[in-house]
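Worksheet: one structure, shown below.
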Amino acid sequence: MSKLKWEKLSSRYLVKEKWATLRVDCCRMPDGTLIDDYYVLEYPDWVNAVAVTDDNEVILIRQYRHAAEEVILEVPGGCIDPGETPEQAVKRELLEETGYAFETLEPMGWVYANPSTSANKTHSYLLTGGKKVQEQHLDGREEIEVLKVSLDELKELVLNNKIPQALHVTAIFNGLVRLGLLK
């Protein structure tokens, strides 16, 4: 595998903002070919969750996603803040976006959104035993509708392409497997 890895010779930042950073790398491929303009997006790492309430319903959210210019059905989640662990971030995001707190939290691993051009990871969790403990506490850029669906409805939503966010579909698949609903 080491024969496939590129050598990064230099990097420079073109954009360095809170939510996104764009750098350009100069790299050498194993065969000696130089690539002097490889662009990499750096985002904070993200979390998302398959969140199951104490009455065995899954919490989904609906919100506007500007890059897609659509209102999208998703699982809850968001960015990991500096100094926060993924576990702390997923608990915070669920409480802020939905008002629910959970009894159990099970890590389901992490995935890259697009390792060709993006450096960040998405950490996914299965949370169970959710209870509504407060109202939503959204930031100024969020308008989120919370809904609950049965596990069977969740499977149908995925199968009918009603949850179009690939990272969220991955989490749902892993959650359904862990819940014993897919083999």
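Filter region 6-20 for residues that are under 19 Å from Pro115 (Cβ atoms) and at pLDDT 95 or above; which is surrounded by the fewest Cβ atoms within 10 Å (Cβ to Cβ)?
Glu7
Return only the number of the condition from (1) outside any strand (DSSP E or B); (2) at pLDDT 95 or above that Ile72 does not satisfy.
All conditions pass for Ile72, except number (1).
Yes or no: region 87-105 includes at least one residue that is in contact with a helix residue (DSSP H, G or I) (Cβ under 8 Å, 6 or more places away or on another chain) and closer than 20 Å to Val158 by Cβ.
no
With a cut-off of at least 2 residues that are closer than 30 Å to Ser11 by Cα, touching a strand residue (DSSP E or B) at 6+ places or on another chain (Cβ under 6 Å) and open to solvent by less than 70 Å² (accessible area, probe 1.4 Å), name the strands (runs of 3 or more DSSP E) lying wholly within region 98-183.
Passing ranges, in order: 121-132.
The values are calculated or read from the model by the stated rules, or taken from the named source; none is laboratory data. Being a predicted model, the structure only gives us computed values, none of them experimental. Neighbour counts are summed over all protein chains in view; Cβ atoms, including those assigned to glycine, are modelled from backbone coordinates with ideal geometry. When the accessible area is computed, the model is the full protein with side chains, heavy atoms only, and any ligands, DNA or RNA have been set aside. Shrake-Rupley method; radii C 1.70, N 1.55, O 1.52, S 1.80 Å.
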